[in-house]
Amino acid sequence: MPVFDFNQTPETSKEPECTYEVFYSNEFQASPEHPMLVLDNRAGELKHHSNGVFTNPSKRTAFEFKTEKGTAWANILKIDARFVSLLKWLGESRISVRLSGERRGNEYAVYKIREIAFGGGGKLSAEDGFLQFMIERLLSSDAPSREMPEEEEEGSGDSMKITSIQSITDFINCAGRTLPENIRLWARRNLAVARSHEVSAEERRHAQRALSIMLNIQWKGNYFPSIDPGEARRILDEELYGMERVKQRIIETIIQINRTHTLPAYGLLLIGPAGTGKSQIAYAVARILKLPWTTLDMSSINDPEQLTGSSRIYANAKPGIIMEAFSIAGESNLVFIINELDKAAAGKGNGNPADVLLTLLDNLGFTDNYMECMIPTGGVYPIATANDKDQISAPLMSRFAVIEIPDYTAEEKKVIFSRYALPKVLRRIGMRAEECSLTTDGLEAVIDLHRNRSGIRDLEQAAEHIAANALYQIEVDHLKSVTFDGKMVRELLG
């Protein structure tokens, strides 16, 4: 392998020869053991922190830096395949950087690259954080295919928002490989529109806005890491009392994910009376999966365009709720909690929102009218809730594994009120447990007053009323504590 002579001067040296080899890594964090690149350091002049620029971008070979003797060059020996296009961009743009690395014999393992402000380093799209944005995104991406053409080896990063045409351009050039192929092609087309003077200012604005939305989403693969079933059970027990059958079904789903490392083909449909904790179960599952979540309330959606967005031909065009959910989450893997699925068929003349949901639930991709692009949905896990399954169409039902949530028994309601609902209210309003309590017949009275009401929502409101009344008596009547018996409860809540 050719090695550059460090004793040569820029005027007398030959152009550095292409020396590096590409290696493939899926490490999420760079370190001396898992570096971004390795430089030749047999001259021993690279320090722990070394400032300079990458040179000869057409062959991507060297790092130019200052020493006490003048300018020196270090050949690049190895590069993580994810960083090839980033280094090429840094070299072509002559961006001054500081490398942090560890000297290992004749090699220098680079595990951090940061922009520095001198030496003509003003080419970055964003002064604060853009380089780190791309590096973080690249580290979170998978290694590129070994068969991928060299010009397509691109990557990206994540910790800021990119909005300007320059930052969008640089992102696509350096980070395009982390985008799904169809989105990468879509981005190049839209960038051409955003930069064109042959289209209206309105078209350019829409193209730039769509690009900013799309590129700020981290598009993840379908691989899903294992989940600790014990931790999942702890979260379920913390969030839900009883419901052993429901918890068993959720743990079975977790074990299935651990075996396949993909999300199940079917989402969950939770059916039961109002107030039985269906939404709470959905939030618990999102917490177990460690995914961001968004809520679609189907009772308030009566036009499919609310989900699919509006066409760019309108001045006030905007993406739909589903695309906005991806944008807010900042990534493509998330839990969609679809409340009141039984209300999804109530369209008002412009189509049926339920038909839009079918495309989202099929995991084949979803098209937003504003984005004009197929959005991958393989990382979307839908959890729907409903009160009446008879109001849900057969095609929608077939997309879910159905879990029926039974109402609580009287004994379960006693435990929930005394151990969860009342203590929770007391903590929130700053009261001690001994300041507000119930006798046995007082608790029986609370449950009896709510015997014909499903769920526990009314019980929680009863706990709120009882605690507030106790606090009033303590503050106004100067009592030390209040204990409610059956008669007091019936007078207060009856």
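Please treat every number below as a calculation from the coordinates, not as lab data. This structure is a prediction, so every number in the text was calculated from the model and none was measured. Cβ placement follows ideal geometry from the backbone for every residue including glycine, while neighbour counts extend to all protein chains displayed.
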_Taking Kirkwood radius over Cα pairs in Å straight from the coordinates, which label in (i) 23.4; (ii) 26.9; (iii) 24.1 is the correct one?_
(ii)
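At a threshold of 8 angstrom on Cα-Cα distance, excluding pairs fewer than six apart, so keeping six or more, what relative contact order does the chain reach in percent?
Values: 909 pairs, mean separation 51.1, N = 494.
This gives 10 percent for the chain.
Is the C-alpha gyration tensor of segment 295-379 telling us rounded, prolate or oblate? Criteria: a/c under 1.5 is rounded; beyond that, a/b larger than b/c is prolate, otherwise oblate. Display every interim value, and only then the final one.
Working: a/c = 1.59, a/b = 1.05, b/c = 1.51.
Oblate, since a/c reaches 1.5 and b/c is not below a/b.
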*Report the one residue of THR262, ALA232, THR178 whose Cα lies farthest in the direction of the positive end of the charge dipole of the chain (charges on C-beta: Lys and Arg +1, Asp and Glu -1; origin at the Cα centre).*
THR178
*segment 223-332 - Debye-derived log10 I(q)/I(0), Cα point model, q = 0.12, 0.19 Å⁻¹*: -0.55, -1.08
_Alpha-carbon centroid distance for the pair segment 413-483 / segment 176-200, whole angstrom_ = 59 Å
*So how far, in whole Å, is the C-alpha centre of segment 262-307 from the one of segment 207-261?*
12 Å
_Dipole axis of the chain (+1 Lys, Arg; -1 Asp, Glu on Cβ), positive-most option in LEU307, LEU479, LEU138_ = LEU138
*Cα centre as origin, Lys/Arg/Asp/Glu Cβ charges: segment 397-494 dipole, Debye*: 340 debye
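Where nothing but the Cβ of Lys and Arg (+1) and of Asp and Glu (-1) is charged, how large is the charge dipole of the chain around its Cα centre, in debye to the nearest 20? Working shown, then result.
On the way: 57 positive and 68 negative charges, 105 e Å.
Charge dipole, the chain, about its Cα centre: 500 debye, nearest 20.
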